[in-house]
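Colleague: Sharing a structure here in structure tokens format.
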Amino acid sequence: MTTATRIDWTREHCRLLRAIRDEFARTRPFEGKTIGTGIHIEAKTVALLTTLRAGGAQVVATGNLNSTQPAAVGALWAEGVTVIGEPTKDQDEHREYQRQVLAARPDLILDNGGDLFAQYLDDPYPGLLGGTEETTSGRMRLAPLRDRLNLPVLVINDSPIKQFAENERAVGQSTLESFLRMTNRATTGERVTVFGYGACGRGVADNFRGAHAKVTVVEADPVTRLRAHLDGFETPSRDKAIAGANLIITVTGARDVLTAADLPLLRDGVILANAGHFPFEIEAAGLLEAAGAVQEYEDDLATLELADGRRIHLLARGHMFNLAGPRALGNSIESMDLGFALQTRCLAAVATGRVDAASCVVPVPADIDAAVANAYLDDRY
Ligand SMILES: NC(=O)c1ccc[n+]([C@@H]2O[C@H](COP(=O)([O-])OP(=O)(O)OC[C@H]3O[C@@H](n4cnc5c(N)ncnc54)[C@H](O)[C@@H]3O)[C@@H](O)[C@H]2O)c1
């Protein structure tokens with residue numbers, strides 16, 4: 001018998017990336033190029049970045065806030081990837097790690113949240129060919145910067161595959177999985193309020209309903225709120241939805257969705273959690289400041305005691321909780337294999353000059369979507 005790690009397990013099941021790695025080892029689309037990456041460093045990322053390495057790239061990587069997993073860092077170093085930075089929740093430290101990635105003057109950028117491209121614009125250097133952006137929040141940030149970027153930037157998030165495989169299906173599952181694993185608390189019969197009914201929010205609401213919670217949706221856009229209503233969710237006023245909840249999950253991409261000003265509304269014992277990309281949806285600092293005492297538990301759990309005796313529980317201090325802590329699994333291997341297959345093919349399209357600056361902050365080209373979908377389906381029947 002031999003033993004293997006979770007990273008080995010994950011790589012084994014990233015079926016598409018395994019095939020692309022073999023292909024890239026022959027075609028070498030990144031020969032002589034450096035790719036700078038700013039994306040969660042966890043087991044699936046090892047499969048992604050080593051595929052880029054197989055294609056001939058030098059890879060200089062840093063993580064996102066609060067999601068870097070030490071075992072994945074070790075595995076990346078062992079495969080010749082330069083990894084910058086420690087797991088951190090500190091914005092300034094995080095920015096410094098990103099600055100160091102850009103100091104390597106990468107030819108291509110693989111971004112998640114738009115941080116690397118935004119920092120590049122503060123201090124541009126010649127030779128950047130373009131790159132990719134992984135998520136909704138990054139697209140929202142980079143779209144207004146199109147004119148200044150003037151480079152091909154393909155947005156993986158806006159592929160229909162990423163939308164339905166990851167955002168809609170996998171985020172909901174992993175959010176439920178992380179809630180159960182982190183808190184070991186019941187969902188059955190509990191009142192759960194989900195802020196945001198975009199692709200991710202729909203999956204979160206659906207999964208908690210499937211786990212026998214009574215789910216309420218708060219959605220800023222009236223048309224989307226109507227959709228939530230017709231999907232069978234309660235859509236009361238924001239204040240009512242907050243006051244009724246035992247668990248509140250934010251997944252909007254917007255800032256200050258839940259703040260200290262909402263404290264008077266919160267029930268005793270409510271659990272607050274954020275699944276949106278940036279840790280600014282729940283104003284954690286304001287809540288912590290307003291608390292008389294804070295009890296920190298292991299596994300990124302905290303209880304805030306208010307002057308009137310109410311207790312409010314906060315997961316991962318408002319960071320994306322489905323990737324928080326050393327035991328987090330994140331989204332399913334299959335969903336990330338699909339998204340990362342799009343990543344590798346899009347980066348190759350930019351590296352080989354197949355797309356130009358007219359493709360600045362645009363969705364994945366349709367033929368790449370089709371190739372990845374066919375590759376996934378090929379083995380199934
Ligand atoms: N946790 C994960 O693994 C993961 C994976 C993918 C994306 N994300 C992140 O999740 C967030 C949401 O992504 P999405 O693809 O669902 O975005 P989306 O744009 O499709 O949906 C967001 C929804 O939130 C609504 N909204 C905005 N502000 C609101 C507010 N204050 N109150 C109530 N509703 C509000 C919008 O009207 C919209 O319908 C983003 O930050 C994205 O980057 C997380």
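Colleague: Return yes or no: is residue 89 open to solvent by less than 50 Å² (accessible area, probe 1.4 Å), among the basic types (Lys, Arg) and touching a helix residue (DSSP H, G or I) at 6+ places or on another chain (Cβ under 8 Å)?
Modeller: Values: open to solvent by less than 50 Å² (accessible area, probe 1.4 Å): no; among the basic types (Lys, Arg): yes; touching a helix residue (DSSP H, G or I) at 6+ places or on another chain (Cβ under 8 Å): yes.
Answer is no for this residue.
Colleague: Next question. Does any residue of the range 301-310 turn out to be within 14 Å of the ligand (Cβ to nearest atom), among the hydroxyl-bearing types (Ser, Thr, Tyr) and either surrounded by 24 or more Cβ atoms within 10 Å (Cβ to Cβ) or not assigned by TED's automatic domain parsing to the domain that holds residue 142 (or both)? So that I can check it myself, show each step before the final result.
Modeller: Taking the range 301-310 as the starting set, the residues that turn out to be within 14 Å of the ligand (Cβ to nearest atom) are none.
Checked the range 301-310: no residue is within 14 Å of the ligand (Cβ to nearest atom), among the hydroxyl-bearing types (Ser, Thr, Tyr) and either surrounded by 24 or more Cβ atoms within 10 Å (Cβ to Cβ) or not assigned by TED's automatic domain parsing to the domain that holds residue 142 (or both).
Colleague: Continuing with the same structure: Please go through (1) closer than 19 Å to residue 176 by Cα; (2) within 11 Å of the ligand (Cβ to nearest atom); (3) open to solvent by less than 40 Å² (accessible area, probe 1.4 Å); (4) at pLDDT 95 or above for residue 277 and return the number of the only condition it doesn't satisfy.
Modeller: It is condition (4) that residue 277 fails.
Colleague: Can you name the condition, by its number, that residue 254 falls short on among (1) open to solvent by less than 30 Å² (accessible area, probe 1.4 Å); (2) within 10 Å of the ligand (Cβ to nearest atom); (3) assigned to a loop (DSSP other than H, G, I, E, B); (4) small (Gly, Ala, Ser)?
Modeller: Result: residue 254 passes all but (1).
Conditions tested, residue by residue: (1) in the same structural domain as residue 60 (by TED's automatic domain parsing); (2) under 14 Å from the mean Cα position of the chain (by Cα); (3) not charged (D, E, K, R).
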site	(1), (2), (3)
119	yes, no, yes
123	yes, no, no
127	yes, no, yes
131	yes, no, yes
138	yes, yes, yes
154	yes, no, yes
182	no, no, yes
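Colleague: Could I ask something else about it? Quick one: what pairs do we get from the range 210-239, first residue part of a loop (DSSP other than H, G, I, E, B) and of a type in the set (Ser, Thr, Tyr), second open to solvent by 40 Å² or more (accessible area, probe 1.4 Å) and within 9 Å of the ligand (Cβ to nearest atom), C-beta under 8 Å, 6+ apart or different chains?
Modeller: 235/225
Colleague: Among (1) more than 24 Å from residue 302 (Cα to Cα); (2) under 24 Å from the mean Cα position of the chain (by Cα); (3) away from the ligand (no atom under 12 Å from the Cβ), where does residue 225 come up short?
Modeller: The number of the failed condition is (3).
Colleague: How many residues does the range 257-269 hold that are closer than 19 Å to residue 191 by Cα and either within 14 Å of the ligand (Cβ to nearest atom) or crowded, with 23+ Cβ neighbours inside 10 Å (or both)? Lay out the reasoning, then the answer.
Modeller: Taking the range 257-269 and keeping what is closer than 19 Å to residue 191 by Cα, we get 257-258, 262-269.
Those still in the list that are either within 14 Å of the ligand (Cβ to nearest atom) or crowded, with 23+ Cβ neighbours inside 10 Å (or both) too: 257-258, 262.
Summing the residues that are closer than 19 Å to residue 191 by Cα and either within 14 Å of the ligand (Cβ to nearest atom) or crowded, with 23+ Cβ neighbours inside 10 Å (or both) in the range 257-269 gives 3.
Colleague: What number of residues within the range 150-203 satisfy the criterion of being open to solvent by less than 10 Å² (accessible area, probe 1.4 Å), of a type in the set (A, V, I, L, M) and either more than 8 Å from the ligand (Cβ to nearest atom) or without any contact (Cβ under 8 Å) to a residue 60 or more places away in the chain (or both)?
Modeller: Result for the range 150-203: 6.
Colleague: Something else about it: What number of residues in the range 91-101 are in contact (Cβ under 8 Å) with a residue 12 or more places away in the chain and either under 14 Å from residue 319 (Cβ atoms) or not β-branched (Val, Ile, Thr) (or both)?
Modeller: Filtering the range 91-101 down to residues in contact (Cβ under 8 Å) with a residue 12 or more places away in the chain leaves 91, 94-95, 97-101.
Retained after the next criterion (residues that are either under 14 Å from residue 319 (Cβ atoms) or not β-branched (Val, Ile, Thr) (or both)): 91, 94-95, 97-100.
Residues meeting the conditions: 7.
Colleague: Next up: Looking at this structure, is residue 53 among the basic types (Lys, Arg) and under 21 Å from the mean Cα position of the chain (by Cα)? I'd like the intermediate steps shown before the answer.
Modeller: On the way: among the basic types (Lys, Arg): yes; under 21 Å from the mean Cα position of the chain (by Cα): no.
Judged against the criteria, residue 53 is not a match.
Colleague: A follow-up question, please. For residue 7, are the conditions met, namely being touching a residue at least 40 places away in the same chain (Cβ under 8 Å) and either under 17 Å from residue 335 (Cβ atoms) or not in a helix (DSSP H, G or I) (or both)?
Modeller: The answer is no for residue 7.
Colleague: With the requirement that a residue be under 19 Å from the mean Cα position of the chain (by Cα) and surrounded by fewer than 20 Cβ atoms within 10 Å (Cβ to Cβ), what does the range 317-361 give you? Working first, answer last.
Modeller: First, the residues of the range 317-361 that are under 19 Å from the mean Cα position of the chain (by Cα): 317-344, 346-347, 361.
Selection gives 326, 327, 329, 332, 334.
Colleague: Separate question: Select from the range 311-363 the residues that are away from the ligand (no atom under 16 Å from the Cβ) and part of a helix (DSSP H, G or I) and list them in ascending order.
Modeller: Taking the range 311-363 and keeping what is away from the ligand (no atom under 16 Å from the Cβ), we get 311-314, 326, 341, 344-360, 362.
341, 344, 345, 346, 347, 348, 349, 350, 351 - these are the residues of the range 311-363 that are away from the ligand (no atom under 16 Å from the Cβ) and part of a helix (DSSP H, G or I).
Colleague: What do you reckon, is residue 67 within 16 Å of the ligand (Cβ to nearest atom), closer than 25 Å to residue 280 by Cα, assigned to a helix (DSSP H, G or I) and at pLDDT below 95?
Modeller: Values: within 16 Å of the ligand (Cβ to nearest atom): yes; closer than 25 Å to residue 280 by Cα: yes; assigned to a helix (DSSP H, G or I): no; at pLDDT below 95: yes.
So residue 67 fails the test.
Colleague: Residue 108 - would you say it is open to solvent by less than 10 Å² (accessible area, probe 1.4 Å) and within 16 Å of the ligand (Cβ to nearest atom)? Break it down stepwise before answering.
Modeller: Details: open to solvent by less than 10 Å² (accessible area, probe 1.4 Å): yes; within 16 Å of the ligand (Cβ to nearest atom): no.
For residue 108, the condition - open to solvent by less than 10 Å² (accessible area, probe 1.4 Å) and within 16 Å of the ligand (Cβ to nearest atom) - is not met.
Colleague: Is it the case that the range 31-40 has a residue that's touching an Asp or Glu at 6+ places or on another chain (Cβ under 7 Å) and of a type in the set (Lys, Arg)?
Modeller: Yes, the range 31-40 contains at least one residue that is touching an Asp or Glu at 6+ places or on another chain (Cβ under 7 Å) and of a type in the set (Lys, Arg).
Colleague: Now for a separate question. Output the residues belonging to the range 214-248 that are open to solvent by 10 Å² or more (accessible area, probe 1.4 Å) and of a type in the set (Gly, Ala, Ser).
Modeller: Across the range 214-248, the qualifying residues are 220, 232, 237, 243, 244.
Colleague: Can you tell me how many residues in the range 10-52 are within 21 Å of residue 111 (Cα to Cα) and either in a strand (DSSP E or B) or among the acidic types (Asp, Glu) (or both)?
Modeller: 7
The values are calculated or read from the model by the stated rules, or taken from the named source; none is laboratory data. None of these values were measured; they are calculated from a predicted model. Note that each Cβ is placed from the backbone with ideal geometry, even for glycine, and that neighbours are counted across all protein chains shown. Note: accessible area is taken over every heavy atom of the protein model, side chains too, but ligands, DNA and RNA are not part of it. Shrake-Rupley method; radii C 1.70, N 1.55, O 1.52, S 1.80 Å.
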